[in-house]
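The values are calculated or read from the model by the stated rules, or taken from the named source; none is laboratory data. Keep in mind the model is a prediction, meaning the values are calculated, not measured. Note that each Cβ is placed from the backbone with ideal geometry, even for glycine, and that neighbours are counted across all protein chains shown.
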């Protein structure tokens, strides 16, 4: 019995939130890693692009809600994600055209691209705050829980339980679907293979008749689309704060690098590793150990590896360890 | 125009702009901006040394500035005898444990033992270290933080003059830079940026959460000053007489005098650092650094220890940023960990360096002044612009209201555009290198 | 003349490498460019392929003046190029490498791949393997296969036997002969001058960017000067 209680606690406080947050990171990291693989630079503006996508979705959701549109037990925002994606992709194409394509033609140093992406980050951050303001926005409607902790406890008779929020389920499901589609695209379609070839060896790809402009466009479409999803899902699950996306840049890059930057599978797995580690390391295991250990060994202190405040620090610590031990990451992406 | 003419022109226009603000807004505001400009310029100088001479993109500026602020607290705040008694020894002991543990791990790492033994012992040592550290440190920290948390709840400092902290801040930043540099300088430029950004975040987290050292988010107020207080001036007979003689308003003048005193102090530091940088630039050492930067492979082939030189540069640049951080905290009179945000610090300083022109000390100066000035003035300017543009709309129009409320955020848009435009059209900055 | 590169003058930056160099290849023929190091052999090939801008001279291919066409457009006209290095997609499988090559000729992909497997049986065996894991000689086969997938009328190879063991060199040359037999013209730059000239119809000896000797392969082999200078007597 106690064993199941412990499992329930771990599921509720580590597993479910971890998988949810991991999915959001994975979607962000996938965008970053694709841009790195194909366009060959680290895009510091990616967080703001996620924020942009979320913002457009929120605006349209409000519009829709004012017309009485709703999506039943699911959040209305989901209906407007496609529209938000279109706007975000257009914005990405706009940035590519007016900022990055110049440096691509000049074959500039990656650090120049990075600095340019910082400029884009500033600009986008200002634009977003100008349009929607700097305060938090909550836009989740629809049923909040698929089943609550209480319902679970009632059903199973256990002391402890876990609840499943709608946003958690949506996030995890959507991510799995999107990533499967992406991997299928990259591995089994002609265009996807062209992208991989372009990323592998640009000159040879050109020689094989692959159109670089098409590849670049496609990369931004995919990255922009994923970023929109990531931003919206994060905002639904937690709350939309314009500031938070800059903070997320670090875990997202950590996820991409840990998994092997440039490798989409790496970004996917990396997202979950970072998210689950953050929770594993800062969780207070007191209660769990209380269930698992015999009476006289029960702990009295919180039993945390690191205090909760260090959550973000965890992703960075993992990053530093990876950079020192195996810089190419788990799946050996492009070398540093 | 030649470089010299360019410089003169831009410096001159800058002073005109400050005068403008002084006349039309207030001298207090103008001087306040100017002081912050000086500090920004010093930070830009430090960062520029790293970028211009070693091509190091240090995205952790924020962390070093915060360390400088920490130094200001630790050096100048009077000690709190109660907390020292309660937990001082515990904290000291944990520090010792940390150092011994770190030394042990480094020793094992560098020893000729087999790799599998190392893989086993190092994590084990770290684990033991963490456990010991927690056992010894936690109770001590709890006791410290429990003591009068509203008013105190931390160890305090050494109660020394705050100007000393400026140099200690530099040294502290330099030491931390040494550690960070050893770990990360081998990485490629954009990875270095990510790594340093992350390290800065960790430093800030540490400062925000370790209340026993910094009071965390409760902030440390009332730091001592190197210049007189306004109220003291207002009560001083000689000063009152001076103001009456020239018909200056008492309160405002006292404030201006205080700001001018800071200004003189800060300018002194800035000029000293600038001169030192220029001397270094023109010295044989400076030439060698530029040779390494321009052609690293040849330099290595000639036997130059590039790694060591890069580390040197990283330390020096970071120390300067630490110095500026301590000065900033002194000016503000308080240590507020939550103000150290990447956008405000790290990236703004980067914009300053890029705009000023990399590898160029004058450029950093101008970049620092210009960008900080624009950053501050962008808010009222942006508001003015938006009001102008939306004037055809009625005052109650929701769009107009929305846009005006958010006009302050124009500064981000402006920063971004400025960076992008300069990067594109004047990539070597407004002051390209080369004389 | 199928390929006629006439009086090429060009180089990198300020230096001039090609000094009035001319290369000709007939349809279905094997032509080889040999010469000492720095003679401009690879440069000549790059110029013909369009990876180097010519200051003077023209390149005619199958009756057309292609001097100002980009390399990608030359591929579409029927030129295939196997660079000396970085000539495969190391992170992708053998089969995928061939498929990428075939994207210019979608309807013929399957039949082309079949032919390549006939030509290089080991590629069929290892088709699902990542190319980065293959040996040097096998990689070269993938590189040539990828280029062949574009259905070229002229296949250009830049030092195909560089870094390959002697047994594999023989094997590679045999395969090159088979390719030529199928009607594809071949232009090679080679360090293994002797073996290359043995299989070639026409040879161009370049020295300092100029044509020093141009003749049939066999004739060059018997030329005393040529033998002394490049073939070890």
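From C:120, C:81, which residue is buried (at least 23 other Cβ atoms within 10 Å of the Cβ) and within 14 Å of chain A (Cβ to nearest Cβ)?
Working: C:120 fails: within 14 Å of chain A (Cβ to nearest Cβ).
So the residue among C:120, C:81 that is buried (at least 23 other Cβ atoms within 10 Å of the Cβ) and within 14 Å of chain A (Cβ to nearest Cβ) is C:81.
Could you tell me whether any residue of segment A:173-182 is within 14 Å of chain C (Cβ to nearest Cβ) and under 30 Å from residue C:92 (Cβ atoms)? Outline the logic, then answer.
To start, the set of residues in segment A:173-182 that are within 14 Å of chain C (Cβ to nearest Cβ) comprises none.
Scanning segment A:173-182, I find no residue that is within 14 Å of chain C (Cβ to nearest Cβ) and under 30 Å from residue C:92 (Cβ atoms), so the answer is no.
Can you pull out the residues in segment C:25-57 that are exposed (fewer than 14 other Cβ atoms within 10 Å of the Cβ) and over 27 Å from residue C:219 (Cβ atoms)?
So in segment C:25-57, the residues exposed (fewer than 14 other Cβ atoms within 10 Å of the Cβ) come out as C:27, C:37-38, C:53, C:55-56.
Listed by number, the residues that qualify are C:53, C:55, C:56.
One line per residue, one yes/no per condition, for (1) touching a strand residue (DSSP E or B) at 6+ places or on another chain (Cβ under 9 Å); (2) closer than 27 Å to residue A:257 by Cα; (3) in the same structural domain as residue B:220 (by TED's automatic domain parsing):
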| site | (1), (2), (3) |
| --- | --- |
| B:92 | no, no, no |
| B:95 | no, no, no |
| B:98 | no, no, no |
| B:121 | no, yes, no |
| B:133 | no, no, no |
| B:144 | no, no, no |
| B:161 | no, no, yes |
| B:169 | no, no, yes |
| B:194 | no, yes, yes |
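Every residue, every condition in (1) within 14 Å of chain A (Cβ to nearest Cβ); (2) buried (at least 18 other Cβ atoms within 10 Å of the Cβ), yes or no:
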residue: C:112; (1), (2): yes, yes
residue: C:129; (1), (2): no, no
residue: C:132; (1), (2): yes, no
residue: C:170; (1), (2): no, no
residue: C:182; (1), (2): no, no
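Please tell me if residue C:60 is surrounded by 23 or more Cβ atoms within 10 Å (Cβ to Cβ) and part of a strand (DSSP E or B).
Numbers: surrounded by 23 or more Cβ atoms within 10 Å (Cβ to Cβ): no; part of a strand (DSSP E or B): yes.
In short, no.
Here is a check on your reading of the model: is residue B:101 in a loop (DSSP other than H, G, I, E, B) and either within 30 Å of the chain's Cα centre (by Cα) or surrounded by 11 or more Cβ atoms within 10 Å (Cβ to Cβ) (or both)? Reasoning before the result, please.
On the way: in a loop (DSSP other than H, G, I, E, B): no; either within 30 Å of the chain's Cα centre (by Cα) or surrounded by 11 or more Cβ atoms within 10 Å (Cβ to Cβ) (or both): yes.
No, not satisfied.
Search segment C:155-182 for residues being in contact with a strand residue (DSSP E or B) (Cβ under 8 Å, 6 or more places away or on another chain) and assigned to a helix (DSSP H, G or I), and hand back the single one that is nearest to residue C:39 (Cα to Cα). Lay out the reasoning, then the answer.
Taking segment C:155-182 as the starting set, the residues that turn out to be in contact with a strand residue (DSSP E or B) (Cβ under 8 Å, 6 or more places away or on another chain) are C:155-160, C:176-177, C:179-180.
Checking which are assigned to a helix (DSSP H, G or I) leaves us with C:176-177, C:179-180.
Values: C:176: 24, C:177: 26, C:179: 27, C:180: 26 Å.
Across segment C:155-182, the extreme among qualifying residues is C:176.
Per-residue answers, yes or no, for (1) surrounded by 17 or more Cβ atoms within 10 Å (Cβ to Cβ); (2) under 24 Å from residue B:340 (Cα atoms); (3) more than 14 Å from every other protein chain (Cβ to nearest Cβ):
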position: B:198; (1), (2), (3): yes, yes, no
position: B:216; (1), (2), (3): yes, yes, no
position: B:222; (1), (2), (3): no, yes, yes
position: B:231; (1), (2), (3): no, no, yes
position: B:234; (1), (2), (3): no, no, yes
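So which residues in segment A:146-160 are loosely packed, with under 15 Cβ neighbours inside 10 Å and part of a helix (DSSP H, G or I)?
Result: A:150, A:151, A:154, A:155, A:156.
Out of curiosity, is residue B:369 under 30 Å from residue A:250 (Cβ atoms) and in a helix (DSSP H, G or I)? Let's see the steps before the verdict.
Numbers: under 30 Å from residue A:250 (Cβ atoms): no; in a helix (DSSP H, G or I): yes.
No.
Go through segment A:81-95 and count every residue that is in contact (Cβ under 8 Å) with a residue 24 or more places away in the chain and away from chain B (no Cβ under 13 Å).
Result for segment A:81-95: 10.
A quick yes/no check of all residues on (1) within 14 Å of chain A (Cβ to nearest Cβ); (2) in a helix (DSSP H, G or I); (3) within 30 Å of residue B:210 (Cβ to Cβ); (4) at pLDDT 80 or above:
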{"position": "B:277", "(1), (2), (3), (4)": "no, yes, no, yes"}
{"position": "B:285", "(1), (2), (3), (4)": "no, yes, no, yes"}
{"position": "B:315", "(1), (2), (3), (4)": "no, yes, yes, yes"}
{"position": "B:338", "(1), (2), (3), (4)": "yes, yes, yes, yes"}
{"position": "B:345", "(1), (2), (3), (4)": "yes, yes, yes, no"}
{"position": "B:348", "(1), (2), (3), (4)": "yes, yes, yes, yes"}
{"position": "B:351", "(1), (2), (3), (4)": "yes, yes, no, yes"}
{"position": "B:362", "(1), (2), (3), (4)": "no, yes, no, no"}
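Tell me, which helices (runs of 4 or more DSSP H) wholly within segment B:206-274 include 3 or more residues that are touching a residue at least 40 places away in the same chain (Cβ under 8 Å)? Quick ask: steps written out before the conclusion?
Working: elements: B:211-214, B:230-235, B:237-246.
Those helices (runs of 4 or more DSSP H) span B:211-214.
Could you grab me the full set of residues in segment C:123-164 that are on the phi > 0 side of the Ramachandran plot and touching a residue at least 40 places away in the same chain (Cβ under 8 Å)?
Across segment C:123-164, the qualifying residues are C:151, C:159.
Taking segment A:125-145 as the search range and keeping residues that are under 19 Å from residue A:76 (Cα atoms) and within 14 Å of chain B (Cβ to nearest Cβ), which one is surrounded by the fewest Cβ atoms within 10 Å (Cβ to Cβ)? Steps first, please.
So the first thing to find is which residues in segment A:125-145 are under 19 Å from residue A:76 (Cα atoms), and the list is A:132, A:136-145.
Remaining after also requiring within 14 Å of chain B (Cβ to nearest Cβ): A:132, A:137.
Details: A:132: 21, A:137: 17.
Only one residue tops the list, namely A:137.
Have a look at C:89, C:2, C:103 and point out the one that is at pLDDT below 90 and in contact with a helix residue (DSSP H, G or I) (Cβ under 9 Å, 6 or more places away or on another chain). If you could, list the steps in order and put the result at the bottom.
Values: C:89 fails: at pLDDT below 90; C:2 fails: in contact with a helix residue (DSSP H, G or I) (Cβ under 9 Å, 6 or more places away or on another chain).
When all the criteria are applied, what remains is C:103.
Limited to segment A:251-266, what total is found for residues that are part of a helix (DSSP H, G or I) and under 19 Å from residue B:193 (Cα atoms)?
Restricting attention to segment A:251-266, the residues satisfying the condition of being part of a helix (DSSP H, G or I) are A:251-259, A:264-266.
Filter again for under 19 Å from residue B:193 (Cα atoms), leaving A:251-259.
Going through segment A:251-266 one residue at a time, the tally reaches 9.
Take segment C:211-225 and flag every residue that is more than 13 Å from residue C:198 (Cβ to Cβ), over 20 Å from the mean Cα position of the chain (by Cα) and free of Cβ contacts under 8 Å to residues at least 60 places away in the same chain. Give the steps one after another, and end with the answer.
Within segment C:211-225, the first condition is being more than 13 Å from residue C:198 (Cβ to Cβ), and the residues that meet it are C:211-215, C:223-225.
So of that shortlist, the ones also over 20 Å from the mean Cα position of the chain (by Cα) come out as C:212, C:223-225.
Those that are more than 13 Å from residue C:198 (Cβ to Cβ), over 20 Å from the mean Cα position of the chain (by Cα) and free of Cβ contacts under 8 Å to residues at least 60 places away in the same chain: C:223, C:224, C:225.
Check residue B:183 against each of (1) away from chain A (no Cβ under 12 Å); (2) more than 14 Å from the chain's Cα centre (by Cα); (3) surrounded by fewer than 18 Cβ atoms within 10 Å (Cβ to Cβ); (4) not in a loop (DSSP other than H, G, I, E, B) and name the one condition it does not meet.
(1)
Tally time: how many residues in segment C:184-206 are surrounded by fewer than 17 Cβ atoms within 10 Å (Cβ to Cβ) and in a strand (DSSP E or B)?
0
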